[in-house]
Amino acid sequence: MSSPPVGPYTPVVAAGPWLVVSGQLGARDGAIVPGGIAAQTAQAVANLAGLLAQHGASLTDVVKTTVFMTDIADFAAVNQAYVAAFGDHRPARSAVAVAGCPWELPSR
């Protein structure tokens, strides 16, 4: 199950036949999961899957993702976890490194 939003937004919004999902963190129970970027990526995708399931959808319905990393050196590990989570389904994707993120959650 995903953690509550860390800001003033709605995690998932139905817009006609579309579901628009806000960004998901590698967090569970209000804290970043242990295990590094691979575990965090897996948790973020699991959180996405949980939100989709609440609306009768699944990861195979995803058509586009955006991945933000704070270190581009994590790209290979993110890809490995992403492929493990999505299987053979390949949504369109943007992946970028950013200088920082606007949230601070405790690590476990």
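Before moving on, here are some points about what is shown:
- Ligands, DNA and RNA left out, the accessible area of the chain computed with a 1.4 Å probe is 59% carbon and sulfur.
- Counting DSSP beta bridges with both ends in the chain, the antiparallel % (nearest 5): 45
- Amide hydrogen proximity for Thr65: with H placed 1.01 Å from N in the peptide plane, the residues at 5 or more positions away or on another chain lying under 5 Å are Ala92, Arg93, Ser94.
- Prolate/oblate/rounded label for segment 27-75 (Cα gyration tensor, a/c 1.5): oblate
- The chain - percent relative contact order, Cα under 8 Å, separation 6 or more: 28
- Among Gly35, Thr66, Ala97 the positive-end extreme of the charge dipole of the chain (Cβ point charges): Thr66
- Average accessible surface for the chain: 61 Å² per residue, computed with a 1.4 Å probe over protein heavy atoms with every protein chain in place.
- As a length-normalised measure over Cα pairs under 8 Å and 6 or more apart, the relative contact order of segment 24-86 settles at 35 percent.
- Projected area averaged over orientations for the chain, convex hull of C-alpha atoms, nm²: 6.7
- Put simply, when 14-26, 46-58 are sorted by average Cβ atoms within 10 angstrom per residue, most first, you get 46-58, 14-26.
The values are calculated or read from the model by the stated rules, or taken from the named source; none is laboratory data. Just so it is clear, the model here is predicted, and its values are computed rather than measured. No Cβ is skipped: glycine too gets one built from the backbone with ideal geometry, and neighbour counts run over all protein chains shown. When the accessible area is computed, the model is the full protein with side chains, heavy atoms only, and any ligands, DNA or RNA have been set aside. Shrake-Rupley method; radii C 1.70, N 1.55, O 1.52, S 1.80 Å.
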